[in-house]
Amino acid sequence: MPLFGNKQVETLPDKELLAKHAQGDPRAFSELVNRHRDRMWAVALRTIGDQEEAADALQDAFLSAYRAAGKFRGESAVTTWLHRIVVNACLDRLRRRTARPTVAFPDDDVLDSVAPKGPDPTSAHELSLDVADALQRIPYEQRAALVLVDMMGYSVEDAARVLEVPPGTIKSRCARGRARLAPLLGHLRNRTGGSVVGPSNDSQVRAVPRQAGPSVLEEGGSAS
Amino acid sequence: MSGQHVDYDVLADLAEGLLEEQPATSVRAHLKECAECQERSADLLSVSQILAAAPMPPLPESLAARLDAAMLAEAREGAPVIDLAARRRIKMQRVFAVAAAVTVVSGAGVAVSNGALDVGSDAGPASLLWGRSPVPVASSDRLPLVTSDTRYQEATLAAQVEEQLNRSGSVPAGTVPDRLLDCVKSVAGASARVLLVDNAWFDGREATVIVVSDRSDGTLAYAVGAQCSAQEQDLFATVPIPG
């Protein structure tokens with residue numbers, strides 16, 4: 001309940017929050033961060049794969065967004081804009097990492113030799129460890145596309161807007177990434193609860209059913 | 001059996017609709033008859049399901065706190081330029097108050113307002129704080145009042161109050177509702193002398209921060225909630241303010 005005419009920010013849509021922030025409202029950006037940080041953390045951690053680096057990237061990204069808010073022109077949803085800043089902060093770090101000579105990505109032969117062959121995983125924790133581990137074994141641009149499309153459930157078009165590449169590039173990166181992950185994750189098949197879909201005779205073979213209804217990246221309003 | 005075995009890459013392209021019409025048709029024809037490639041195709045399709053089923057990693061609490069702190073620090077750094085000048089002027093006023101010195105500062109070219117030093121006959125130098133004299137809550141319903149919307153937090157309350165006192169410079173007196181006057185008397189005593197009343201936030205809740213000066217206790221800041229009144233304190237936190 002307001003004390004003396006303070007407006008509640010919790011119910012404002014993202015775009016109004018960002019506008020209020022640009023006008024100097026100190027509560028607006030905090031509300032925006034609170035609203036989206038859980039999802040942004042998932043994107044950052046899955047893309048980078050390392051807790052500390054992901055935390056640094058997320059902090060960098062929110063600070064960049066804080067400073068760049070005045071430049072947001074409303075041509076996309078605020079969430080798309082935020083995702084782009086977070087993913088770019090992650091990719092910047094990954095590019096710097098691969099540029100360092102000491103930490104090289106293992107090649108395919110090495111990957112095959114260390115691919116998981118151990119006892120069957122049973123718990124969700126082991127499952128997510130295995131998934132995180134496998135994700136780190138594919139090129140980061142494929143990983144970034146798969147994190148958005150397969151893990152976070154965004155449409156190819158939304159992922160294309162976030163990563164600023166054509167939709168066809170997203171499709172191709174997803175296809176390459178899935179082909180690399182298939183032998184790495186084969187041991188987890190039938191352990192995720194869902195039934196595995198066999199090869200289809202339909203011309204439309206979809207790897208994962210896209211969510212019906214409004215796009216996930218649409219403007220957020222009150223708490224969802 | 002028609003056609004050759006197909007690898008994961010081709011199957012992944014087929015699933016994404018990236019194959020040309022002709023190869024797509026022959027791969028589908030092969031898939032109908034080849035158990036090995038059906039198996040491979042199923043492997044591939046399960047990749048997306050496995051990825052989708054991975055649990056969302058929870059945001060660590062330490063990171064949530066760190067992000068809050070980083071945003072707070074950024075908000076402070078982005079504070080208006082005027083603050084630096086105001087802070088310098090206020091510091092000088094405090095120096096002069098302690099020295100019981102008078103009117104004009106040379107060198108810096110800043111004139112110290114006589115009003116800020118006019119603290120009344122019964123007030124010693126110690127009662128002039130942050131360039132202003134506290135207002136006794138017993139004698140007036142007009143107190144130095146701001147609505148800063150600062151997000152005060154328990155751990156940083158003292159520093160944030162000090163910052164606010166510096167930032168506010170000379171605060172116009174505003175009429176304070178009776179409930180809030182009763183609240184001040186309830187938490188700080190009927191003889192409390194008020195430096196600042198700030199409508200703001202405390203740990204995510206709407207709150208009023210009341211800064212009072214007391215000769216024996218020094219300066220204290222109280223963060224109270226919307227229910228604070230004569231009957232109920234609704235007190236979130238109390239901290240001494242150094243200086």
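The values are calculated or read from the model by the stated rules, or taken from the named source; none is laboratory data. The structure displayed is predicted, hence computed values, not measured ones. Just the protein is used for accessible areas: all its heavy atoms, side chains included, with ligands, DNA and RNA removed. Shrake-Rupley method; radii C 1.70, N 1.55, O 1.52, S 1.80 Å.
Some points to look at:
- Per residue accessible area in Å² of region B:172-243, where ligands, DNA and RNA are left out and the probe is 1.4 Å: 39 Å²
- Region B:149-243: relative contact order in percent, alpha carbon pairs under 8 Å with at least 6 residues between: 29 percent
- Here region B:149-193 is treated as a Stokes sphere of Kirkwood radius computed over C-alpha pairs; at 25 °C and 0.890 mPa s its diffusion coefficient rounds to 196 µm²/s.
- The phi-based Karplus calculation (6.51 cos²θ - 1.76 cosθ + 1.60; θ = phi - 60°) puts the 3J(HN,Hα) values of region A:132-142 at 4, 5, 5, 4, 6, 9, 10, x, 5, 6, 5 Hz, whole numbers, x for Gly and Pro.
- The order of A:T98, A:T80 by accessible area, most exposed first and with a 1.4 Å probe, is A:T98, A:T80.
- Cα gyration tensor, region B:140-243 - rounded (a/c under 1.5), prolate or oblate: rounded
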